[in-house]
Amino acid sequence: MTTEDELADESASKGGIQVIARAAAVLQKLREHPAGLSLGELAKLLKLPRSTIQRIVAALDDENLVISASPTRGVRLGPALLALAAATRFEISEVARPTLQEISLLSGETVDLSLLDGNKLVFVDQVVGGHRLKAESGIGVSFSLHSTAPGKAMLAAMSDADMLALRPRMSFARMTPNTITTWTDLVEEIAVVRESGIGADVEENSMGICAVAMALSLPSGEIAAISVPVPTQRFKAMRPTIEKLLLTHGGKLQASIKR
């Protein structure tokens, strides 16, 4: 039987998780508005009471995670985040960056590096392409595995047992009309990826954006992926070139990592 103390602990835990989620949402909105936002603007954007925003901002300010932007602009991201960002740099980012730069230079496209994080992937580095019309996502942004090129490449790099173990925690949300939404279809797709070494997303995560990717197996046991997102209008023409660049330069990087 659940005791009153256990119920109180569970309630406190849920409340703590909600506070963390709201604090993260505040930081995300401030990232989108580098010049700063007032408390009222944050409350409106996040659809939360101004008093709630005021408490969260005060707590973040105590830790220097936010600072005053100006007398009229409220708050902006604070200097303590620089130390946190430095602490979250992954060694693979440093090792892989020259490869990302070379693929971007030769293709003109944006090139991303992501890491597997449980049942999702997280972007940890990016080299922005030279095209005026380009596809890009920010570092630190996470995506589902089933609907993305790097996600499929990562799944293909797993053993069947590891992939099966991940199945109960995977999302099969329909992101676009092209999204794979069943385990059976995903398994068939992963078999194709294992044959070619390339994962592909043809407007499966976002309309107007396609991508190809290859996975990297790291000495730590982690799985990473290099991916190249491309606007749909030039994807068909660019796809063979980008896939060749991924297999060539990504293959060299994988060989060097294994040494």
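Taking segment 1-27 only, how many residues are within 12 Å of residue 66 (Cβ to Cβ) and at pLDDT below 90?
Going through segment 1-27 one residue at a time, the tally reaches 0.
Check whether at least one residue in segment 215-223 is buried (at least 20 other Cβ atoms within 10 Å of the Cβ), on the phi < 0 side of the Ramachandran plot and β-branched (Val, Ile, Thr), and report yes or no.
yes
Only residues that are touching a residue at least 60 places away in the same chain (Cβ under 8 Å) and more than 20 Å from residue 158 (Cα to Cα): list them for segment 235-251, please.
Once the filter is applied, which keeps residues that are touching a residue at least 60 places away in the same chain (Cβ under 8 Å) and more than 20 Å from residue 158 (Cα to Cα), segment 235-251 yields 238, 241, 242, 245, 249.
Could you tell me whether any residue of segment 137-149 is modelled with pLDDT of 95 or more, in a helix (DSSP H, G or I) and not charged (D, E, K, R)?
Yes, the conditions are met somewhere in segment 137-149.
Which of the following residues is modelled with pLDDT of 95 or more and either more than 23 Å from residue 138 (Cα to Cα) or of a type outside the set (Phe, Trp, Tyr) (or both): 223, 190, 257, 209?
Details: 223 fails: modelled with pLDDT of 95 or more; 257 fails: modelled with pLDDT of 95 or more; 209 fails: modelled with pLDDT of 95 or more.
Exactly one residue qualifies, and that residue is 190.
Return the total of residues in segment 150-187 being in a loop (DSSP other than H, G, I, E, B) and of a type outside the set (Ser, Thr, Tyr).
The number of residues fulfilling the criteria is 9.
For segment 206-213, state whether one or more residues are under 17 Å from the mean Cα position of the chain (by Cα) and surrounded by fewer than 24 Cβ atoms within 10 Å (Cβ to Cβ).
Let us first name the residues in segment 206-213 that are under 17 Å from the mean Cα position of the chain (by Cα), namely 206, 209-213.
From what's left, surrounded by fewer than 24 Cβ atoms within 10 Å (Cβ to Cβ): 206, 209.
Among the residues of segment 206-213, at least one is under 17 Å from the mean Cα position of the chain (by Cα) and surrounded by fewer than 24 Cβ atoms within 10 Å (Cβ to Cβ), which makes the answer yes.
The values are calculated or read from the model by the stated rules, or taken from the named source; none is laboratory data. Here the structure is a predicted model, which is why all the values come from computation and not from measurement. Neighbour counts are summed over all protein chains in view; Cβ atoms, including those assigned to glycine, are modelled from backbone coordinates with ideal geometry.
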